[in-house]
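Written out below as structure tokens is the structure these notes cover.
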Amino acid sequence: MTITANSHLPNRFSQNLESINHKANSLLATLGAELVYVQDGTGRYLSFFWQKSELLGFNPEQIVADGNSQEIFAPVDKVSYMERLHQVMTNLVPEKFPFWFSCHQNLFELELVISPIMTPLGTAATTVLVMGRLLQVKANNQEVNVAITTPTQIDLVLRSQQHQRLVNKITRNIRRTLDLDAIWQQTVDSLGKALKLERCIICPYQPSSSKVRVIAEYHQPDRASMLGLEIDVTTEQAFAQALSTLEPIIMEVPGYDLCPQQNILVVATCYQDQANGLIAISLQDECYPLTNCEIELAKEVADQLGTAIAHATLYKELEAARQKAEEASRLKSEFLANVSHEIRTPLNGMIGFLKLILEGMADDAEEKNQFLSEAHQLSLHLLNIINDILDIAKIEAGKMELVCAPVKLQELFCDVDNFMRPQAEVKNLSFRMQLPHTSDEIVVEGNYQRLLQVMLNIVGNAIKFTHEGGITVTADVVLKKGKFPEKQFPGMVRVRIADTGIGVSLDQQDKLFQLFSQVDGSRTRQYGGTGLGLAISQKLVETMGGEVHFYSLGEGLGSTVTFTVPLYQQPVMLSSSDSASSID
């Protein structure tokens with residue numbers, strides 16, 4: 001039975017000794033004693049088994065392998081204990097006596113029976129076999145007397161200490177990282193492995209949602225995974241109660257949906273009295289009853305985890321905000337570079353034409369008027385660019401205010417036609433505008449100048465990015481009642497501008513309505529413009545109670561932009577067989 005490993009022995013031989021020691025410890029466990037171990041004359045443990053070792057957080061094999069094992073499980077009065085040990089070895093007579101031992105800051109009074117292990121020649125023994133039972137425990141400055149206390153209650157005291165060590169371990173682990181996924185998984189793994197749970201799950205919680213999703217899980221191999229499962233907290237009583245009380249809830253319901261066991265512990269993680277997650281643990285029968293101390297420890301784990309989740313979430317949000325700010329700064333720099341180019345181009349043209357006139361380079365009055373006309377057109381283009389920039393400044397400052405009034409759609413379409421048709425004809429593009437056929441005028445609620453600006457922006461883009469084919473502008477009435485703001489409307493008018501132009505790829509379309517963002521900077525240089533048209537149009541339409549949408553099947557497949565505006569009064573519609581009116 002005396003088996004020791006020498007550090008100078010070859011590796012394979014040391015491994016064999018460890019295997020033999022393991023078998024020896026297993027053999028001691030079959031003797032039926034609560035505590036049984038073998039020691040040599042120096043007090044070194046050669047084999048060790050104790051039913052309480054797991055609760056105290058150490059491995060019996062560690063006692064044998066560790067040269068400082070007596071620091072783990074040691075007699076309080078080592079000198080007196082060794083005298084007793086040597087007396088048994090010399091006299092070869094077993095002795096029975098009580099003795100105090102320390103283990104992990106706990107004190108245990110044990111009734112021991114020390115027996116010598118006889119040698120074949122009958123000389124003095126060199127090893128002893130010690131068997132013992134627990135008399136009383138002093139744990140956490142609390143004395144537990146075995147004479148009046150059941151072993152189960154002693155186990156509960158020791159288990160509470162085990163759980164406290166687990167809480168400390170989890171707290172250390174989650175404080176080392178701000179990665180939410182790592183925090184969740186480390187927590188369930190630590191709980192599941194240390195407590196040998198059937199299942200442990202964690203679900204993030206948002207007060208705005210009645211459902212939670214399993215984001216991290218520990219489970220035994222024979223159990224099906226619940227990872228990704230959505231749980232309606234309103235139908236799960238334990239979850240709902242844990243969220244409402246912010247206290248650990250133990251539910252004893254046969255056939256509980258989430259676990260095969262009848263018992264489940266649910267505790268809400270929280271930060272500043274606001275729940276941000278749920279931990280659910282399936283409890284085995286031997287875990288009962290949970291002590292008040294253990295329930296407090298469960299709440300402590302939840303509080304620590306809730307704080308870690310809050311800090312990690314805040315860090316994640318700050319990181320996202322930082323990246324967004326950096327991206328916005330980059331986009332603004334790119335925008336300013338494009339705008340400066342757009343401003344310089346007409347400004348340089350104006351300066352050039354005016355300089356020619358001032359230096360008398362115009363041959364006659366007709367050429368002079370032509371130079372002035374060109375300078376005037378460039379000045380109007382420059383004014384439009386500056387107006388776009390001012391509009392964006394007002395939108396960002398939240399000072400975009402519009403006065404809305406009835407607007408005749410026919411007049412709006414006629415003005416757009418007068419402005420845009422010549423531009424389309426210069427590029428040999430077809431240009432068609434069509435209104436629904438009604439017996440009376442279609443009147444919308446909006447700001448005329450801003451509606452004209454929106455249509456000129458959208459139609460202007462369609463013409464700019466179309467090289468062949470044409471542009472079609474249509475309108476239809478949607479008789480769906482709307483309310484904005486605090487005013488009833490009989491429906492909406494939807495305006496659709498479709499072109500056969502260059503289109504936009506599907507993965508780039510989300511950038512179209514972002515301020516200071518352009519789908520492709522090279523296109524800005526190729527086609528000109530600030531790239532603000534759609535963003536400004538969207539904000540203006542939304543301010544007037546409508547919506548803007550963009551559709552394109554991809555590059556080279558054309559584009560369609562639609563926007564809606566409230567219908568001021570319901571027109572009398574003619575039958576669908578009648579042709580719609582067109583502006584040709």
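The values are calculated or read from the model by the stated rules, or taken from the named source; none is laboratory data. Source: prediction; values computed, not measured. Cβ sites come from the backbone with ideal geometry, for glycine too, and all protein chains shown count toward neighbours. These area figures cover heavy atoms from the full protein model, side chains too; ligands, DNA and RNA do not enter into them. Shrake-Rupley method; radii C 1.70, N 1.55, O 1.52, S 1.80 Å.
For the list (1) among the small types (Gly, Ala, Ser); (2) assigned to a strand (DSSP E or B); (3) open to solvent by 20 Å² or more (accessible area, probe 1.4 Å); (4) modelled with pLDDT of 85 or more, I need the number of the one condition that SER80 fails.
Condition (2) is where SER80 drops out.
Taking the stretch 362-377 as the search range and keeping residues that are within 21 Å of THR345 (Cβ to Cβ) and of a type outside the set (Phe, Trp, Tyr), which one is nearest to the chain's Cα centre (by Cα)? Give the steps one after another, and end with the answer.
Here is the first cut: in the stretch 362-377, the ones within 21 Å of THR345 (Cβ to Cβ) are 370-377.
Still in the running and of a type outside the set (Phe, Trp, Tyr): 370, 372-377.
Details: GLN370: 63, LEU372: 61, SER373: 59, GLU374: 57, ALA375: 56, HIS376: 56, GLN377: 53 Å.
Only one residue tops the list, namely GLN377.
Considering only residues that are of a type in the set (Val, Ile, Thr), open to solvent by less than 40 Å² (accessible area, probe 1.4 Å) and either modelled with pLDDT of 65 or more or farther than 18 Å from ASN461 by Cβ (or both), which ones fall in the stretch 471-527?
The answer is ILE471, VAL473, THR474, VAL477, VAL493, VAL495, ILE497, ILE502, VAL504.
Search the stretch 557-582 for residues being of a type in the set (Gly, Ala, Ser) and modelled with pLDDT under 85, and hand back the single one that is most open to solvent (accessible area, probe 1.4 Å). Steps first, answer last, please.
Pass one, the stretch 557-582, residues of a type in the set (Gly, Ala, Ser): 558-559, 575-577, 579-582.
Adding the requirement that they be modelled with pLDDT under 85 leaves 575-577, 579-582.
Working: SER575: 65, SER576: 123, SER577: 103, SER579: 88, ALA580: 41, SER581: 45, SER582: 52 Å².
Filtering the stretch 557-582 for residues that are of a type in the set (Gly, Ala, Ser) and modelled with pLDDT under 85, the one most open to solvent (accessible area, probe 1.4 Å) comes out as SER576.
Considering each residue of the stretch 332-361, count those that are over 53 Å from the mean Cα position of the chain (by Cα) and acidic (Asp, Glu), and give that number.
Number of matching residues: 1.
Can you pull out the strands (runs of 3 or more DSSP E) entirely within the stretch 226-320 that have at least 1 residues that are surrounded by fewer than 19 Cβ atoms within 10 Å (Cβ to Cβ) and at pLDDT 85 or above?
Qualifying strands (runs of 3 or more DSSP E): 230-232, 263-271, 274-283.
Checking ASP417 against (1) closer than 25 Å to GLY469 by Cα; (2) surrounded by fewer than 17 Cβ atoms within 10 Å (Cβ to Cβ): exactly one of these is not met. Which one?
The number of the failed condition is (2).
If the Cβ limit is 7 Å and pairs must be 6+ apart or interchain, which residue in the stretch 442-463 that is open to solvent by 40 Å² or more (accessible area, probe 1.4 Å) pairs with which residue that is part of a strand (DSSP E or B)?
These pairs meet every condition: TYR448/VAL407.
Of the residues LEU55, LEU17, LEU85, LEU28, which is part of a helix (DSSP H, G or I) and at pLDDT 90 or above?
Testing whether each residue is part of a helix (DSSP H, G or I) and at pLDDT 90 or above leaves just LEU85.
Can you pull out every residue in the stretch 405-425 that is farther than 20 Å from GLY501 by Cα, hydrophobic (A, V, I, L, M, F, W, C) and assigned to a helix (DSSP H, G or I)?
LEU409, LEU412, PHE413, CYS414
Give me the pairs, please: first residue somewhere in the stretch 544-560 and under 30 Å from ALA405 (Cβ atoms) and among the β-branched types (Val, Ile, Thr), second residue anywhere and part of a loop (DSSP other than H, G, I, E, B) and open to solvent by 30 Å² or more (accessible area, probe 1.4 Å), beta-carbon distance under 8 Å, and either six or more positions apart or on two chains.
Pairs that qualify, where the first residue is under 30 Å from ALA405 (Cβ atoms) and among the β-branched types (Val, Ile, Thr) and the partner is part of a loop (DSSP other than H, G, I, E, B) and open to solvent by 30 Å² or more (accessible area, probe 1.4 Å), are VAL548/PHE513.
Name every residue in the stretch 338-358 that is among the aliphatic types (A, V, I, L, M), free of Cβ contacts under 8 Å to residues at least 40 places away in the same chain and surrounded by 12 or more Cβ atoms within 10 Å (Cβ to Cβ), in order of residue number.
Those that are among the aliphatic types (A, V, I, L, M), free of Cβ contacts under 8 Å to residues at least 40 places away in the same chain and surrounded by 12 or more Cβ atoms within 10 Å (Cβ to Cβ): LEU347, MET350, ILE351, LEU354, LEU356, ILE357.
Can you pull out every residue in the stretch 301-336 that is touching a residue at least 60 places away in the same chain (Cβ under 8 Å), more than 19 Å from ILE201 (Cβ to Cβ) and among the aliphatic types (A, V, I, L, M)?
Selection gives ALA328, LEU331.
Among the numbered conditions (1) over 51 Å from the mean Cα position of the chain (by Cα); (2) at pLDDT 70 or above; (3) open to solvent by 20 Å² or more (accessible area, probe 1.4 Å), tell me where PRO60 comes up short.
(1)
Which of (1) closer than 24 Å to TYR315 by Cβ; (2) at pLDDT 75 or above; (3) not in a strand (DSSP E or B) does LEU197 not meet, given it meets every other one?
(1)
Could you please let me know if LEU378 is in contact with a Pro (Cβ under 7 Å, 6 or more places away or on another chain) and either farther than 30 Å from ILE201 by Cβ or not hydrophobic (A, V, I, L, M, F, W, C) (or both)?
For LEU378, the condition - in contact with a Pro (Cβ under 7 Å, 6 or more places away or on another chain) and either farther than 30 Å from ILE201 by Cβ or not hydrophobic (A, V, I, L, M, F, W, C) (or both) - is met.
In the stretch 426-441, how many are in a strand (DSSP E or B) and buried (at least 17 other Cβ atoms within 10 Å of the Cβ)?
So the answer is 5.
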